[in-house]
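These notes concern the structure reproduced below.
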Amino acid sequence: MGITLISHLFGRCRADSTARPGGGRRPHAVVVAFEKELGTGMAATPLFSALRRARPDMTVTLAGSALMAEIAAGNPYVDRIHILPSPYRTPLRSVIAARRAVPADAGSYDWLITTVAARRYGLGLVAAVIPARRRSGLGAAEALALYDAPLTYDWSISTQANNLRALRPLGITLPEEPGHVPEPEIYFAPDLPGTVDGLLRAEGIDPSRPIAVLAPQTSGGQPTDWFPDRFAELADLLAERRGLQPVFVGTAAGAELIDGIRGRMRGPAASLAGRTGITALGALFAGADLAVCLDSGAMHVARATRVPLVVVASGWQAPHHWLPLGVPTCRIVSAAGDWCGGCSERHCPDRSCMKRIAPDDVLAAADGLLLNFPPAAAARAARIAACTGTSTS
């Protein structure tokens, strides 16, 4: 069933474009985001703060996936959240749920904004039935006729920048150059760091002493993984030479990988695999002194907390799409040279770019960061305060 037909069957009517937006009430925008991966979900978060900072009087609603709801649960720039069924497997259920969710927001929205996920057909169906005076963002080809400001993905800029382009029709223009585009954001409850400290103590880690968090698990879709023996060597070097306590993180499915790495180490290391949700992972990164990640969802959570971060990167995609280029608190270790592109097929026959990255290379990048951002209780407290909206005084 086509997007246009669905929109008519469910009575999607655009409000009179000549009417004053909002009709005297606060303007109200809805961001429709059905991101399925942590990385793409984090890339959508700058939309919320950009909307509110540009229009402090605007109400902001998120409608989308359970993953996006988890990411945005503590976000101070999001006023309302509607979790909808996935449009990829059950498009009709999602369409009905989206249509029913609208009355809770007392009428149609002034702006409907879709993210990069809308390039998939199913999300276009959902966005088509949500009443809105104006629509902007990315969308499937079949849906773009319904937009006032349709966009196609610009492969010359990052995913964050592509999302933020949807705000231009609202008069909000933000930088698109690496190092200047707004970074992902994560927020969590003020008591969550204390809970995470309890998990660390139970694993023999002293939260008051310097900690390095290592995330060796990939997102699963691309061959961005490094090698277990090299992660083991790196963790030992960080402990023996830099006095950092190694803590590994990942999903429950990654626990076996992490246990294998710990089994190769000379010294001890903790594992919180499967024991931290997204916000708890953010609290762990914010309270650490160094993070080492692959090009993965965990990397985007780490960069959102502004913890000193080393990214061990493959050549699977052009670096500007996902990597934190030009970010002072981040260092990227890559031996890919020119973007190889072969890994975009999800299988690299020799993984030569990752083989050329040694533990000493990552240690050197970490040293550069720690020289500029040395471990300090005040720095940890400042990162936690920024993610909780509390004061450090």
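The values are calculated or read from the model by the stated rules, or taken from the named source; none is laboratory data. Values in this document were obtained by computation on a predicted structure and should not be read as measured data. All Cβ positions, even for glycine, are placed from backbone atoms using ideal geometry, and neighbour counts span all protein chains on display. Accessible surface areas use protein heavy atoms only, side chains included; no ligands, DNA or RNA. Shrake-Rupley method; radii C 1.70, N 1.55, O 1.52, S 1.80 Å.
Here are the numbers:
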read-out	value
Neighbourhood net charge (9 Å Cβ-Cβ; Lys/Arg +1, Asp/Glu -1) for Val307	+3
Helix-only [θ]222 nm of the chain, DSSP H runs n ≥ 4, -39500 (n - 2.57) each, per residue, nearest 500	-10000 deg cm²/dmol
Approximate spin-label separation Arg242-Ser208, in nm, with each point projected 7 Å along Cα-to-Cβ	2.3 nm
Charge dipole magnitude, Cβ of K and R +1, D and E -1 - region 187-284, Cα centre, debye nearest 20	160 debye
Taking only Cα atoms of region 38-175, radius of gyration then Dmax in Å	13.8, 39
Nearest-0.05 FRET efficiency for Ala253 and Thr90, computed from C-beta distance (R0 22 Å)	0.35
1.4 Å probe accessible area per residue over region 203-260, in Å²	39 Å²
Highest-fluctuation residue, Asp225, Asp367, Asp110 considered, GNM on the chain with Cα pairs under 10 Å	Asp367
Among Trp226, Leu363, Pro268 the positive-end extreme of the charge dipole of the chain (Cβ point charges)	Trp226
Segment Ala382-Asp367, length gained on full extension (0.36 nm per residue, minus Cα span)	3.3 nm
Magnitude of the charge dipole, the chain, Cβ model with Lys/Arg +1 and Asp/Glu -1, debye to 20	1220 debye
Among Val126, Gly315, Leu164 the positive-end extreme of the charge dipole of the chain (Cβ point charges)	Val126
Rough spin-label spacing in nm, given labels placed 7 Å along Cα→Cβ, for Ala145 and Phe227	5.5 nm
Relative contact order [Cα under 8 Å, 6+ residues apart], region 220-275, whole percent	38 percent
Convex hull volume of the chain per residue (C-alpha atoms, cubic angstrom)	140 Å³
Fraction of accessible area attributable to carbon and sulfur, the chain (%, probe 1.4 Å)	54 percent
Low-density loop positions, chymotrypsin sites (Phe, Trp or Tyr not before Pro), region 205-298 - DSSP coil, at most 13 other Cβ in 10 Å	none
Relative contact order for region 132-267, counting Cα pairs under 8 Å that sit 6 or more residues apart, in percent	15 percent
